[in-house]
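The values are calculated or read from the model by the stated rules, or taken from the named source; none is laboratory data. What you see is a predicted model; the values in this text were computed from it and never measured. Here the Cβ positions follow ideal geometry from the backbone for every residue, glycine too, while neighbour counts run over all protein chains shown.
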Amino acid sequence: MTIELIVIGGTWSVLPIEYKYWYIVNCFKAANDYRKTRKAQGVTQKAISKKLSIKKLKTVLLEEQKKNEKAKYNIIGLTLETRPDYIDEKELLEMRELGATRVELGVQAIDDAILKLNKRGHGVDKIIEATKWLRDFGFKITYHLMPGLPGATAAKDLKMFKQLFTDENFQPDQIKFYPTVVTRGSLLYKWWKAGKYKPYSDKVLQKLIIDCKKFIPHYVRIIRLIRDIPGESIVAGNIITNLRQVMQQKGVECNCIRCREVKEKSITNYQLRITNYKANGGKEYFIEVCSMDEKVLYGFCRLRLPSSHNAQRITHNALNDAALIRELHVYGVLVAVGKDKKIQHAGFGKMLMAEAEKIAKENDFEKMAVISGVGVRGYYKKLGYKLKDTYMVKKL
């Protein structure tokens, strides 16, 4: 069984380093020990002590990660949330030690005036810098966006959304829409009470989302359209909790990964489709297995070919002169024509990896590095990859 571990809420980077390692090592231990404690009724898991030194915590973390490679409950991905102005090489090296594979950034808006008015404490330059660091380390990147912030208009929000995918400084892999709402006790509540702020109406917000969905590239996933805030806590702004379903009922079409993924459908005919685009000084390849009409997605791989300039600023040995696999994801089952037998994945993962390696070699890369989740390292070992400095690496 696989686990996608997501640590939600707040800014991970500001937490004490001892707490961060203690928390994550206990997550791995919980996954490793769950099967044993489940069988032994009445027995509870014993957490690793908070009193351990950071050196000892790091040692225990490595031990638990090693166990998790072959555990029944594999942690195949770890997501952490933070602010753009906390991202640097030191922070990302620490995140990789912990086993992180994806980072969610509280971007909110890509407009300096809006960020300043909302007291974010940084400008767009920090968002660009953070995105560049994350991509060159191989992380999957999620942006949190907040349409309707003070200083914004629906037209400005739409313009910013389009810029995310036309400006190579951004190009996030995933998006979370968090429409701005007013909650009691916040600074925004005071502005709203004083008549200095008015949230978007449901009609304006829904039209904005519909317009944004028209521009979403097929290689991007919209994870969420609404934040989980209890309706009774919202005094002004959107209170519809099932906004995605409302959009679907209105017949709104979307080309994002989530709306195209195969889900429970069976796979019969498929094609290999490759899209490339520039991002943060390098070149990205979105390699996908999809239906012949391109409307259903069966699996995909994100390959990054860094520029020589980008590679020079990374001191991480495993990434020197390497092409990067930032994500590999396969869905569904294959049904052979005329047969009832189902074949899990049909080797799509190997097919996607082989194509990525081929593209890297054609572009004169001699090494591939995969930002693998701890629990899926065994899969890459079968493909000839070896663990080096938290990455799975292979000479091409």
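Of the conditions (1) at pLDDT below 95; (2) surrounded by 15 or more Cβ atoms within 10 Å (Cβ to Cβ); (3) assigned to a helix (DSSP H, G or I), residue 203 clears all except one; give me its number.
Residue 203 satisfies all of (1) at pLDDT below 95; (2) surrounded by 15 or more Cβ atoms within 10 Å (Cβ to Cβ); (3) assigned to a helix (DSSP H, G or I) except (2).
Determine whether segment 131-142 contains at least one residue that is over 17 Å from residue 304 (Cβ atoms) and either within 17 Å of the chain's Cα centre (by Cα) or not hydrophobic (A, V, I, L, M, F, W, C) (or both).
No, segment 131-142 contains no residue that is over 17 Å from residue 304 (Cβ atoms) and either within 17 Å of the chain's Cα centre (by Cα) or not hydrophobic (A, V, I, L, M, F, W, C) (or both).
Does segment 257-310 hold any residues that are of a type in the set (Phe, Trp, Tyr) and more than 27 Å from residue 136 (Cβ to Cβ), and which are they?
270, 298
Go through segment 136-175 and give me each residue that's basic (Lys, Arg) and surrounded by 22 or more Cβ atoms within 10 Å (Cβ to Cβ).
140
Are there any helices (runs of 4 or more DSSP H) wholly within segment 55-153 with 2 or more residues that are touching a residue at least 12 places away in the same chain (Cβ under 8 Å) and not aliphatic (A, V, I, L, M), and if so which?
89-98, 124-136
Going through segment 2-33 one residue at a time, which ones are on the phi < 0 side of the Ramachandran plot and part of a loop (DSSP other than H, G, I, E, B)?
8, 11, 15, 16
Is it true that residue 160 is at pLDDT 90 or above, touching a strand residue (DSSP E or B) at 6+ places or on another chain (Cβ under 6 Å) and within 28 Å of residue 128 (Cβ to Cβ)?
So residue 160 fails the test.
All but one of (1) at pLDDT below 95; (2) within 21 Å of residue 6 (Cβ to Cβ); (3) assigned by TED's automatic domain parsing to the domain that holds residue 172 hold for residue 73, so report the exception by its number.
It is condition (3) that residue 73 fails.
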